[in-house]
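The values are calculated or read from the model by the stated rules, or taken from the named source; none is laboratory data. What you see is a predicted model, and the numbers here were worked out from it, not measured in a lab. Cβ: placed from backbone, ideal geometry, glycine included. Neighbour counts: every protein chain shown. Surface areas here come from the heavy atoms of the whole protein model, side chains and all, with no ligands, DNA or RNA. Shrake-Rupley method; radii C 1.70, N 1.55, O 1.52, S 1.80 Å.
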Amino acid sequence: MQKWFFIVLAIVIVILVLLLFAAIKRGRNDKRLGKLNDAFEEMTNRPIYKTIDQLENMELAGSSRDTLEKWHQKYYLLLNDTYAELYQNMFDADAANQKFAVFSANNKIEAAETLLQRAQVATDEVAKVLEQLLNSDEQNQTATKDLLESYRKIRKLILTKSFEFGPAVDQLENRLADFDERFDSIKNLSQQGDHLKAEAELQEARTRLWAIKDLMKRIPPRYTELATEFPDQLKEITGVYQKMVAEDYQFPEPNIGDKVTLLQQQLQAIIEELAQLDITTVEQQNQKVSQQIDLLYQRLEDELKARQQVGVLQKTTLEFLNHASAQTTKLLDSLDHLNQSYVLNHHELEDTQGMQKEIQERQRQYDDQIQAIAEKKAVDTESVALFEEINQKLTEIEQQQFKISNDVSSLFEGEKVAKQGVRQFVIDLKSIQREIEQLHLPGLPQDYLDYFNMVKEEIAKLDDNLNQVQINIEDITKQLIMTQEDLNNLTQKSKDLRDAAILTEQALQYANRYAYANPTLADSVAQTKDLYQSSFAYKQALDTIATALEQIEPGSFKRIEQAYYAAATN
């Protein structure tokens, strides 16, 4: 019994939940339907038919009439098809919602909302076109009045200030000539009710008038250049040019007089383009002419400035040439003298001879230009350029000469240092020889004698090279470095030999204490003496006796060695 109670309770709860959901959903659908109804009423209550009636009473014609009929038909279809379908969807949705068919009602509401959006867009488009058509007559009248006012102002400006437009006046007047007919045509179209065609012709007239206004703005400054500014500038250039020619100024090609004539011809051609209202071409050509005139002014100015510089540069260049020639001759004499005593390894003599030829060529160029100046045939800017080029080249030559002079000046010092070095080598070699002789050794190892003699020969060769008539300081410097290294090695070899000989003698003296009682040590002593006295292998002799002593008395040789080096250091 209790089980059935819970089942029934659950069913009741589910039913209540469903009823609550349906109620809530129905309420939401009612709100959406209310909004749809409001929007539908607002859309259908728009006074579009009133606008159509007004347009019908205007007795439109032509394209305006065609437009009215087209959009009237669209509105008729909108009322009978789209609005009717929308109303039916709203009615069906409301009926379904009242029966609690909330899901069906929701689908119909969504369809109605979508259809409403399309209907509103179509209704707005129809209303907009019809409103424009209704207002087109008034708008055209206002626009025509404004355009006519602009036209009259432009025509008056052309008549009163025709001098500002030069030969372009005729074409400007031709372009204005048909405007009276255009305004009559626009008026007739409006009176006939074809307001759209009247608007199209009005727009075309406005575009053409704007183009004429643009021309009237751009033409005067360009015509002023062609009629006044450019001719005045060319006249001024011609006057200055003729005056400078009278004062014996010379000019490079192209001839300035010919260039002025060519530009005057170009001005006439540009004026013809202006007469045809080709303002873009005129502007481009005027810009080019302006640049050419600026270049002519610049050429005149350059020659005037150059005339002021020629005299000063002529003097300083001659002084520089004389100075450079004298310095080169002096350097050549110095190098000739040095070449007798030293080998010049870096083409110093040849390079200086080349500089001398370069200076002679620059002198020839200078003399030719001075002759042209004297004969009044020289172009001043070319003279200045040549003198500056000569000065630049002479400066480079002077820098090269300075470097060569510095380089060869070190030859004397190099020879002095080399001779001092060789004298020191001889002293060091004799010192080494004396130290070895003081040891009174039975003889010397052959490899030591060979190395000693090699160093001795290197020193002798250096001394011989330094006593040649012409010495090569660069090669001698390399030999000095090599000989110094070999002498350092010989010094070390001599020290090693001396240390080995003395340590061997001291080790033998120490070993003699044990030799009579130790046959093995006695054999090592005998072997050491043989190596020392017969083979002169002092290093090998030391290794032999040192090894033997360490076997008899470990650490004994180490003490001998430490005592020796301690005494040598002190």
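Does anything in region 474-516 have its amide N under 11 Å from the 7 Å Cα→Cβ label point of residue 568, and if so which residues? In region 474-516, the label zone of residue 568 (backbone N under 11 Å from the point 7 Å along Cα→Cβ) covers 492-504.
The gain in end-to-end length when the residue 472 to residue 449 segment is fully stretched comes to 5.3 nm, 0.36 nm per residue minus the alpha carbon separation. Taking every protein chain into account, the accessible area of region 353-431 amounts to 59 square angstrom per residue (probe 1.4 Å). Using a simple spin-label model with pseudo-atoms 7 Å out from Cα toward Cβ, residue 361 and residue 152 lie 8.3 nm apart. Shape of region 529-570 from its Cα gyration tensor (a ≥ b ≥ c, root eigenvalues): rounded if a/c is under 1.5, otherwise prolate when a/b > b/c, or oblate? Oblate shape, in that a/c is at least 1.5 and b/c is the bigger or equal ratio. Counting only protein heavy atoms and using a 1.4 Å probe, what share of the accessible area of region 349-408 belongs to carbon plus sulfur, as a whole percent? The C+S portion of the solvent-accessible surface of region 349-408 is 46 percent.
What's the FRET efficiency of residue 211 with residue 312 using the Cβ-Cβ distance as r and R₀ = 60 Å, to the nearest 0.05? Given R0 = 60 Å and the Cβ-Cβ separation, E is 0.50.
Enclosing the Cα atoms of region 218-308 in their convex hull gives a volume equal to 82 cubic angstrom per residue. What net charge do the residues around residue 499 carry, taking every other residue with its C-beta under 10 Å from that of residue 499, with Lys and Arg at +1 and Asp and Glu at -1? Combined, the nearby Lys, Arg, Asp and Glu give +1.
The three principal axes of the Cα atoms in region 435-568 give end-to-end lengths of 71, 29, 21 Å, sorted in falling order.
Residues whose amide H comes within less than 5 Å of that of residue 471, counting only those at least five positions distant or on another chain, are 342, 343 (H built at 1.01 Å from N in the peptide plane). Taking 23 Å as the limit for the C-alpha separation, the pairs 243/377; 288/376; 403/461; 156/213; 315/393 exceed it in the case of 288/376; 403/461. Around the amide H of residue 439, modelled in the peptide plane, lies no amide H under 5 Å away from a residue 5 or more places distant or on another chain.
Only Lys, Arg, Asp and Glu carry charge here, each on its Cβ (+1 for the first two, -1 for the last two); on that basis region 353-398 has a dipole of about 140 debye about its Cα centre. In sequence order, region 494-511 has phi-based couplings of 5, 5, 4, 5, 4, 4, 5, 5, 5, 5, 4, 4, 5, 5, 5, 4, 5, 6 Hz under the Karplus curve 6.51 cos²θ - 1.76 cosθ + 1.60, θ = phi - 60°, and Gly or Pro positions carry x.
Looking at region 466-570, the accessible area is 57 square angstrom per residue; that uses a 1.4 Å probe and ignores ligands, DNA and RNA.
The share of accessible area on region 488-552 that comes from carbon and sulfur is 47 percent, using a 1.4 angstrom probe.
Rounded to whole numbers, the Karplus 3J(HN,Hα) couplings from phi for region 518-526 are 9, x, 5, 5, 4, 5, 5, 4, 4 Hz, using 6.51 cos²θ - 1.76 cosθ + 1.60 with θ = phi - 60°, and x at Gly and Pro.
Could you calculate the FRET efficiency of residue 400 with residue 268 from 1/(1 + (r/R0)^6), where r is the beta carbon distance between them and R0 is 56 Å, rounded to 0.05? The value I calculate is 0.45.
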